[in-house]
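K.L.:
Just dropping this structure here.
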């Protein structure tokens, strides 16, 4: 888990849009599978348990920080393109 926390922090500090979006997606996938693990069929719950055992867990606040940083970067890039247009 510590390695996962380091990779999230690296994404946040590096400003790499792909890494930031991966953090956001990892959080959302985890939330989806956690919901399935509670409400799904037996087969779906088994798949959810397996998926959750194999992926990085991302805290909601870290996901929100990654999202905010990605939005900040994209907004800056948008203005650059508007200026060029």
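K.L.:
Obtain the nm distance between the two label points defined at residue 61 and residue 84 by a simple spin-label model: each point lies 7 Å from its Cα along the Cα-to-C-beta direction.
P.N.:
Placing both labels 7 Å beyond Cα along the Cβ direction yields 3.8 nm.
K.L.:
Here's something else I'd like to know. Roughly how many Å is it from the Cα centre of the range 7-48 to that of the range 55-79, as a whole number?
P.N.:
14 Å
K.L.:
Given N residues in the range 2-79, what is Rg(Cα) / (2.2 N^0.38 Å)?
P.N.:
Values: Rg = 14.5 Å, N = 78, 2.2 N^0.38 = 11.5 Å.
Rg over 2.2 N^0.38 Å, computed on Cα atoms: 1.25.
K.L.:
Follow-up question, since we're still on this one. Quick check on the chain: helices-only [θ] at 222 nm, where DSSP H runs of length 4 and up contribute -39,500 (n - 2.57) each and the sum goes over total residues. Nearest 500, please.
P.N.:
The helix contribution divided over the chain gives -29500 deg cm²/dmol.
K.L.:
Here's something else I'd like to know. Between 41, 56, 14, which gets the highest mean-square fluctuation from a Gaussian network model of the chain, Cα cutoff 10 Å?
P.N.:
41
K.L.:
Rank these for me by crowding, 7, 13, going from fewest to most other beta carbons within 10 Å. Numbers along the way, then the final one.
P.N.:
Details: 7 16, 13 10.
Result, fewest neighbours first: 13, 7.
K.L.:
Which of 81, 71 has the fewest other C-beta atoms within 10 Å, and how do the rest follow up to the most?
P.N.:
Numbers: 81 8, 71 11.
The fewest-first ordering by Cβ neighbours comes to 81, 71.
Read the figures in this text as sums done on the coordinates, not as results from a lab. Please read these numbers as outputs of a predicted model, since none were measured by experiment. Every residue, glycine among them, receives a Cβ derived from its backbone with ideal geometry; neighbour counts consider all protein chains shown.
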